[in-house]
Structures are given as structure tokens and as C-alpha cells.
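A.B. asks: Handing you a structure now.
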Amino acid sequence: MKRSEPLAALHREEASCSSWGDCSASKKIPTMSTESVEIDDGLYSRQRYVLGDTAMQKMAKSHVFLSGMGGLGVEIAKNLVLAGIKALTIHDTKKCQAWDLGTNFFLCEDDVTNERNRAEAVLHHIAELNPYVHVSSSSAPFDETTDLSFLEKYQCIVLTEMKLTLQKKINDFCHSRCPSIKFISADVHGIWSRLFCDFGDEFEVSDTTGEEPKEIFISNITQANPGIVTCLENHPHKLETGQFITFREINGMTGLNGSVQQITVVSPFSFSIGDTIGLDPYLHGGIAVQIKTPKTFCFESLEKQIKHPRYLIADFSKPEAPLQIHAAMLALDQFQENYNRKPNIRCQQDSDELLKLTIAICETLEEKPEMNPDIVRWLSWTAQGCLSPLAAAVGGVASQEVLKAVTGKFSPLCQWLYLEAADTVESLGSPGHEEFLPRGDRYDALRACIGDALCQKLHNLNVFLVGCGAIGCEMLKNFALLGVGTGREKGMVTVTDPDLIEKSNLNRQFLFRPHHIQKPKSYTAAEATLKINPQLKIDAHLNKVCPATESIYSDEFYTKQDIIITALDNVEARRYVDSRCLANLRPLLDSGTMGTK
């Protein structure tokens, strides 16, 4: 997306506004242009390969409004700006508090001391992630009397930390537009989260999977009505009824070559097509090639979906959990409406009240869940807190849904997703009430979720992180927010990466900036992480982890580590680290990405 310097400067401009009327974003943002935008391949090469030019062009013309700059909101903002939308307006009416330092990685103690507005405090940091994206902020009040017409300028609206009655009003506005404005709402309450999507009555997706079209080798085609196509033995076709295919290289039944046929699945190894009686007999060979066709998704409004939700089951060991969490969170919305606050931390009276509200909510749902008192209790106890890794996960998913919304590529979420970290608290036993109460520091939001004893364990951890790429940067950010390796007497984060920063890294490795190009990843990432949490103890290396460096990363080194985390881009190195962890009985967390997987 190379632009002339004056235009690029405009997109670097920081705008701050106090009302909708004078908000630069609401004045300057036009509707989506049809003009082609030049893509900066040096910056977007990896992402361009995954999404394709058509989707990249749509992103580069899209305008998004995002409300709420807490831990979840800043994750979404960071991801969207890195991805390369055209313009983002961030909105928040709250002032920075000490709690925010443990969830919002772009805030510092000076922001808290000066009680800055959260959107204004993070504006510069978000804007500098990508000079091609115009980022503006607003701190205007947002309530039931607000004129929503300013939202017509956006292709997608994302709401966090907003009460349900206002979500409904904004969703109704978005759903009624023609074309509809894509609507996403997301929340993290302690160890519980929810995500909702409404992309309108008819949302067309050009490519539901992003996969290459399937090619199926053929062993036989019958002369019949319908004709039955059989695949080579032990090679399932993996097609679905209703999909379209074309044929090539068929010998004998040559009339099928180049034709388009809609298929009906007969078995994993065969499918039927149209009438083949009038064609010559099949002899041998041939390939059936899947034809990708657009698919239309129908979304219901938030008001309708509250009563009979369509949800994704994220954990098949708990298929009943999404509906139970749905009811409990609706009760939490009602609690906040009634008392203008969240339940107090570990307050039994508030917990009992939330339980009563949940029982009443269950009766209003079309599919009545079996109420789970444990979910309600822990939701009440932890709702004031925020588990930052959960916010990162939900923020990642929400950001992907925004990109789907503005590009029409990949199947969207239909329509709710509930993610939770209940296993974290189930292992705590029954710690005392005071364990969870705030102490006026950056870890209060975390302490409300897991208690002070577990916070202290995190502070005292020795962690070895191998790799400082996209996943490594995210890991370091999470370590800083959790206070990993910040103990006064114990605790250390050791990170190593031999690579230097390249321009293409800036698109997804958010700790790096253009002036860091050709600097070591590990040193730069360590310096950036210390800005998130100055209490962190971090030791950065430039070494590969391989047999040649076993004098540095010896058995003695491994046995001092509490956990090893790999964020590597090659399997050989991952296997080596795994073998070293196995030999020294150390736990390993390994992760990697490939395209959208």
C-alpha cells in the first residue's frame, strides 16, 4: 500500500477528539472506494500470500470503529492496524487506572498518574504500528441518546466493555442498514469471555476455507443417471454435497472434460453427478477438480440471538458449557444494569444475587440449559478482573472476524463463541477471601482471577523462550502483563534468537518498528518488553539452540528452568529443544503457525 509521502503522513497523523461532531474520523472517513490500492509487498508479503490480493485490497479500503481500550480492546486494535485496514477509530470514556497496567500493554505508570483517557493514551502507540493506517481517537460520551448516524461511515463496528442495552441499540442500527454494517461485540469478565458476530441477513463469502481446490484422481465413472464417480482406492474425495467440480484428462467419457457438475456424496470414495448415459464409456484416467463457489451466510440480530443462540463448541469435553455461560453472562449484564457495577470480588451476597438472576434468565431461553452454580459463582467472583492471556486469545479471534467481515474471505463465526479458563481456578482449592482482593498495583486485575499466591508463583518463574518472532513477541507481552520473572529474589525470562529484524516482520511482530530493521530481534524485543513492565528481569541472547550451543544451554541450565517455550519456524529446531526438555524432565510449550492454521 505505498502512498505518496503527504498521504502517508496523513495516515500517521494522530487525531484526538472530545465529541462526535469534531471527531476527525467521523468527518474525514469516506465510504469504501473502488479504486485500486498499491500493496506494499515488503511489509505485507506473508499476509498477502495467505489472503490474496482481492482481500488485501478490501482491507486497505475498510474503516473500523472500536469502542473500549481495555485489555481486550487494545489487543483488537493492535491486530487490525498490523493487518493493514485503512482507518481505525478507537473510542473510550474511561481514565487510566493502576489495574489497566496489567492488561493494556501500551499504558505506563505516567498515564495512570495523570489520569489520561485510555484511548488518547494508547493512540500514538497504536498508530506507529503501521504508517499506512489512519488511527484516530474519541472520548465522547456514548449512551442511549447518542445519534448513531456517524456509524454509517464504517464497514465494521466492534464493541467491548459496553452494556448490553446499548449493544442491542447499536446492533439494531447496524443490522438495518443496506448494506448492513458488520457488528462484533466481545467481552472478557475475569476468566470468562464471549464473542458475538452479526454480519447481516445476507453475507456472501467468496472463499470459505482459503484452501487450494481439491483434485481427485478417478478410477471409474458409470454410464447411468446419475453417473457415479469413484476415486482411486484409499483416496477419499473429502467433498460435500452441493459442491461443484469440473473434469479434465478423462479417457473415453471425454464429454465430461471441461464440464461443470454439481455433486452428491455417495460415500467417502464416490459421488454422483448428472446423466452420463449418452456419453461414451469411461476407459481410464481423469481428474475431478473442485470449483470454489461463493456461499451466503444469514445472521440474526443480537436481540434474537440472545433467546436462541447459535454457538461454536470450543471444548467438546464440555458441550453444555456455552449455553450455561451464555445464561450466566446475560445475568451479569442484568446485574450491571440493576446496580451499575459488577459483582464485588469474592462477595457471597453478590454471588447469590447473580445466581438468582441466572435462574430467571434460563427460563427465558428457548433451549433451557442445566444451570451450573460453579460457573455463576466464579463469574461473580472474578468478573471485575481480567486474565490477560484470555484477552489476547479473544482479541485474536475477534480481529480475524473483523478481517472476514471486511473482506468476505473465510467462513465467519456463526454467531457466538465462549472461551474460558475455568481449569485455572479449579486447581486453586479454597484460598482465603483476602487472596483475591486488590492491593493497588498493576496485578490487581490478575489477582482477582487467580489469587495472590498464584501471582507470586508467576513472579518467581524461570522461563526460557526460544524464538522472538510473531509468537515470541506475543509471549513476551503476556509474560510482562502477568509479571512472569519479576520476583525480587527469584524469577527470570531468558530469550534467544539469532535473527535480525526485517521489514516483513513488522506486519505481525508488534514489538518491532521500522527504525529497528537490521537490529537483533532478541535485544530489541527485550527492550520493548521492559517498557510494558519495567519490573521484568530478562536476559536476551543471540544464540541458536542446537548441539553447538550445549555448553551454554547445558543440562544445568535446563534444570534451572521452570518451563521452556518454543516459538520457532522450523521443525528440526523444535524437535531438538523437545529432546533436551525430555532429557532434563522439563515441561515444554510448543506452538507454530502456517497460514491461517
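The values are calculated or read from the model by the stated rules, or taken from the named source; none is laboratory data. Fair warning: this is a prediction, and the values are worked out from it, not measured in the lab. Cβ: placed from backbone, ideal geometry, glycine included. Neighbour counts: every protein chain shown. Accessible surface areas use protein heavy atoms only, side chains included; no ligands, DNA or RNA. Shrake-Rupley method; radii C 1.70, N 1.55, O 1.52, S 1.80 Å.
A.B. asks: Measure nothing but the geometry: give the 0 to 90° angle between the long axis through the Cα atoms of 388-407 and the longest principal axis through the Cα atoms of the chain, rounded to 10°.
C.D. replies: It works out to around 40 degrees.
A.B. asks: Quick check on the chain: of the DSSP beta bridges with both residues there, what percent are antiparallel, nearest 5%?
C.D. replies: Around 45 percent of the beta bridges assigned by DSSP in the chain are antiparallel ones.
A.B. asks: Turning to a different aspect of this structure: If the chain between LEU437 and ARG248 were fully stretched, how many nm would it gain, using 0.36 nm times the residue separation less the Cα-Cα distance?
C.D. replies: 61.2 nm
A.B. asks: At a 1.4 Å probe radius, which order do MET59, MET371, MET162 fall into by accessible area, largest first?
C.D. replies: MET371, MET162, MET59
A.B. asks: Please turn the phi angles of the stretch 76-82 into ³J(HN,Hα) values with the Karplus equation 6.51 cos²θ - 1.76 cosθ + 1.60 (θ = phi - 60°), one per residue in order, whole Hz, x for glycine and proline.
C.D. replies: 5, 4, 4, 5, 5, 5, 4
A.B. asks: Over the chain, what is the relative contact order in whole percent, taking alpha-carbon pairs under 8 Å and six or more residues apart?
C.D. replies: This gives 14 percent for the chain.
A.B. asks: With a 1.4 Å probe and every protein chain left in place, tell me how much accessible area THR596 has, in Å² to the nearest 10.
C.D. replies: 70
A.B. asks: List the trypsin sites (Lys or Arg not before Pro) within the stretch 458-506 that fall in a DSSP loop (any state other than H, G, I, E or B) and whose Cβ has at most 11 other Cβ atoms within 10 Å.
C.D. replies: ARG488
A.B. asks: Rg and Dmax of the stretch 420-538, using alpha carbons, in Å: what are they?
C.D. replies: Rg then Dmax for the stretch 420-538, in Å: 16.2, 51.
A.B. asks: When only Cα pairs under 8 Å and 6 or more residues apart are kept, what is the percent relative contact order across the stretch 340-424?
C.D. replies: In percent, rounded to a whole number, it is 30.
A.B. asks: Around SER139, with a cut-off of 11 angstrom between Cβ atoms, what is the net charge of the other residues, counting Lys and Arg +1 and Asp and Glu -1? Please list the in-between numbers first.
C.D. replies: Working: positive: LYS94, LYS95, ARG116, ARG118; negative: ASP92, GLU120.
Neighbour charge sum, excluding SER139 itself: +2.
A.B. asks: Over the stretch 481-597, what relative contact order in percent results from Cα pairs under 8 Å that are six or more residues apart?
C.D. replies: For the stretch 481-597, the relative contact order is 23 percent.
A.B. asks: Assign unit charges at the C-beta atoms only (+1 for Lys and Arg, -1 for Asp and Glu), then state the dipole size of the stretch 460-597 relative to its Cα centre in Debye, rounded to the nearest 20. Could the numbers behind the result be given before it?
C.D. replies: Values: 17 positive and 15 negative charges, 84 e Å.
Computed charge dipole of the stretch 460-597: roughly 400 debye.
A.B. asks: Using the Karplus equation 6.51 cos²θ - 1.76 cosθ + 1.60 (θ = phi - 60°), what ³J(HN,Hα) coupling, rounded to whole Hz, does each residue of the stretch 202-211 give in order, writing x for Gly and Pro?
C.D. replies: 9, 10, 8, 10, 6, 8, 6, 10, x, 7
A.B. asks: Which FRET efficiency value, to the nearest 0.05, is calculated for SER411 and ARG513 with the Förster distance at 30 angstrom and r the Cβ-Cβ distance?
C.D. replies: Rounded to the nearest 0.05, the efficiency is 0.30.
A.B. asks: Sticking with this one: Over the chain, what lengths in whole Å, largest first, do the semi-axes of the equivalent ellipsoid take, defined as the square roots of 5 times the eigenvalues of the alpha-carbon gyration tensor?
C.D. replies: Working: eigenvalues 343, 201, 153 Å².
The equivalent ellipsoid of the chain has semi-axes of 41, 32, 28 Å.
A.B. asks: Between HIS124 and SER206, what is the label-to-label distance in nm when each label sits 7 Å out along the Cα-to-Cβ direction?
C.D. replies: The answer from the label model is 3.9 nm.
A.B. asks: Roughly what % of DSSP beta bridges within the stretch 485-597 run antiparallel, to the nearest 5?
C.D. replies: 10
A.B. asks: Given 0.36 nm per residue, what is the gain on full extension from LEU166 to ILE563 after removing their alpha carbon distance, in nm?
C.D. replies: 138.6 nm
A.B. asks: Carbon and sulfur together cover what percent of the accessible area of the stretch 79-194 at a 1.4 Å probe radius?
C.D. replies: Details: 1830 of 3760 Å².
Exposed carbon and sulfur together represent 49 percent of the surface.
A.B. asks: GLU502's amide H: which non-local residues (gap 5+, or another chain) put their own amide H closer than 5 Å, with H modeled 1.01 Å from N in plane and none for Pro or chain starts?
C.D. replies: Hits under the 5 Å cutoff: GLN518.
A.B. asks: Quick one: Cα convex hull volume of the stretch 337-455, Å³ per residue?
C.D. replies: 156
A.B. asks: Work out, step by step, the length gained on full extension between ASN338 and LYS304: first 0.36 nm times the residue separation, then minus their alpha carbon distance; give nm to one decimal.
C.D. replies: Additional length available on full extension: 10.0 nm.
A.B. asks: Order VAL493, VAL266, VAL289, VAL397 by their accessible area, 1.4 angstrom probe, all chains in place, largest first.
C.D. replies: Ranked list, largest accessible area first: VAL266, VAL397, VAL289, VAL493.
A.B. asks: In a shell of Cβ-Cβ distance under 15 Å around VAL266, excluding VAL266 itself, what net charge do Lys and Arg (+1) and Asp and Glu (-1) give?
C.D. replies: Around VAL266, the surrounding residues sum to 0.
A.B. asks: Which FRET efficiency, nearest 0.05, do THR293 and ALA360 yield, Cβ-Cβ r, R0 41 Å?
C.D. replies: 0.35
A.B. asks: OK, next. By the scheme Lys and Arg +1, Asp and Glu -1, what is the net charge of all other residues having a beta-carbon under 15 Å from that of ARG310?
C.D. replies: My count for the surroundings of ARG310 gives -4.
A.B. asks: Rounded to the nearest 500 deg cm²/dmol, what is the calculated helix-only ellipticity per residue at 222 nm for the chain, with -39500 (n - 2.57) per DSSP H run of length n ≥ 4?
C.D. replies: -10500 deg cm²/dmol
A.B. asks: Could you check the simple spin-label distance between ASN220 and LYS531, using points 7 Å along Cα→Cβ, in nm with one decimal?
C.D. replies: 6.7
A.B. asks: Run the Debye formula on the Cα coordinates of the stretch 211-355, all scatterers equal and no solvent, and tell me log10 I(q)/I(0) at q = 0.10, 0.19, 0.20, 0.22 1/Å.
C.D. replies: -0.57, -1.06, -1.13, -1.27
A.B. asks: Taking the Cα atoms only, what angle lies between the long axis of helix 164-176 and the longest principal axis of the chain, rounded to 10 degrees?
C.D. replies: 30
A.B. asks: Calculate one ³J(HN,Hα) per residue across the stretch 583-591 by plugging θ = phi - 60° into the Karplus curve 6.51 cos²θ - 1.76 cosθ + 1.60, and present them in order as whole Hz with x for glycine and proline.
C.D. replies: 5, 9, 6, 10, x, 10, 10, 10, 8
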